[in-house]
1. Which residues, taken from region 170-200, are in a loop (DSSP other than H, G, I, E, B) and either among the β-branched types (V, I, T) or surrounded by 12 or more Cβ atoms within 10 Å (Cβ to Cβ) (or both)?
2. Go through (1) without any contact (Cβ under 8 Å) to a residue 12 or more places away in the chain; (2) in contact with a Ser or Thr (Cβ under 8 Å, 6 or more places away or on another chain) and name the single condition K68 misses.
3. Under the condition of being without any contact (Cβ under 8 Å) to a residue 40 or more places away in the chain and charged (D, E, K, R), which residue from region 209-247 is surrounded by the fewest Cβ atoms within 10 Å (Cβ to Cβ)?
4. Select from region 1-43 the residues that are of a type in the set (S, T, Y) and in a loop (DSSP other than H, G, I, E, B) and write down the one among them that is farthest from D65 (Cα to Cα).
5. Can you find a residue that is buried (at least 20 other Cβ atoms within 10 Å of the Cβ), under 23 Å from S234 (Cβ atoms), in contact with a His (Cβ under 8 Å, 6 or more places away or on another chain) and β-branched (V, I, T) anywhere in region 29-37?
6. Is one or more of the residues making up region 77-87 in contact (Cβ under 8 Å) with a residue 40 or more places away in the chain and within 18 Å of E28 (Cα to Cα)?
7. Looking only at region 201-230, how many residues end up being in a helix (DSSP H, G or I) and either at pLDDT 95 or above or polar (S, T, N, Q) (or both)?
8. Could you tell me which residue of region 161-196 is farthest from R135 (Cα to Cα), considering only residues that are aliphatic (A, V, I, L, M) and free of Cβ contacts under 8 Å to residues at least 40 places away in the same chain?
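The values are calculated or read from the model by the stated rules, or taken from the named source; none is laboratory data. A quick note: this is a predicted structure, and the numbers were derived from the prediction, not measured. Cβ sites come from the backbone with ideal geometry, for glycine too, and all protein chains shown count toward neighbours.
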Amino acid sequence: MKLNIMELSGKKALITGASRGIGRAVAELFLEEGAQVWGIGTKEPEDLKERQEKAEGRLHWTSADIGKLGELEGLIDSLVKEAGGFDILVNNAGITKDNLSFRMSLEDFQKVLDINLTASFVIARTVGRDMIRRRAGSIVNMSSVVGIHGNGGQINYASSKAGLIGLTKSLARECAGRSVRVNAVAPGFIVSDMTNAMPAEAREKMIEQIPLKRPGQAADVAAAVLFLASEAASYITGQVIAVDGGMFI
């Protein structure tokens, strides 16, 4: 019988932005595969107790604003100590504050970079130190196809996601000698509260541009994250996997 090399029994994972959307899908898939999960979100999910009972004590939760950069390293360091070190880190938390560049305030530009990029750096640095010491670990950063191709009205978001790609590749070079892998996932048009709020005509126009002729689901992205986090990707580092249905072939 072949071993399931994408199975995560005994692994400990830290996932940011785990209360909903892609982060929640990643957390649920990791739990299904046997991992212990430490989730971080700005608010405690309404069904947290139910989720924890279902996970039989393997789901731990911390409500925190990772945009408070002055407090972030201390928070993450305490979670590293609580868990006894993490085998997997998924930097998923992110925000948008869309506007055309000449109308965008400096505050809105900086806030998106603070949460999407700078917080990811602080978390990866803090968790990564312990991974390097133990000579094992996988970090997965959540970028976006707009970080590769750009997008009008999202100059702050695109800049932050492009920055995450640079962070991923640089950190991968720094950590590879200690058997710590660092990769990124770049989702495309994924069903979410934001896409559901789009006018139907605009949504259909976006779908027409996708060769697979459907929007992606959070589960599609979670599957790519699981692959990169698992032993199935043991010889992969410094890479960016687009989960976009072929939108940018």
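1. Step one: of region 170-200, the residues in a loop (DSSP other than H, G, I, E, B) are 179, 188-189, 191-192, 197-199.
Correct list: S179, G188, F189, V191, S192, M198.
2. Condition not satisfied by K68: (2).
3. Among those residues, the one meeting the criterion is K213.
4. S9
5. Within region 29-37, one or more residues are buried (at least 20 other Cβ atoms within 10 Å of the Cβ), under 23 Å from S234 (Cβ atoms), in contact with a His (Cβ under 8 Å, 6 or more places away or on another chain) and β-branched (V, I, T).
6. Checking region 77-87: at least one residue is in contact (Cβ under 8 Å) with a residue 40 or more places away in the chain and within 18 Å of E28 (Cα to Cα).
7. Going through region 201-230, the residues in a helix (DSSP H, G or I) turn out to be 201-208, 218-229.
Remaining after also requiring either at pLDDT 95 or above or polar (S, T, N, Q) (or both): 218-229.
The number of residues fulfilling the criteria is 12.
8. So in region 161-196, the residues aliphatic (A, V, I, L, M) come out as 162, 164-165, 167, 171-172, 176, 180, 182, 184-186, 190-191, 194.
Narrowing further to those that are free of Cβ contacts under 8 Å to residues at least 40 places away in the same chain: 162, 191.
Working: A162: 28, V191: 37 Å.
Only one residue tops the list, namely V191.
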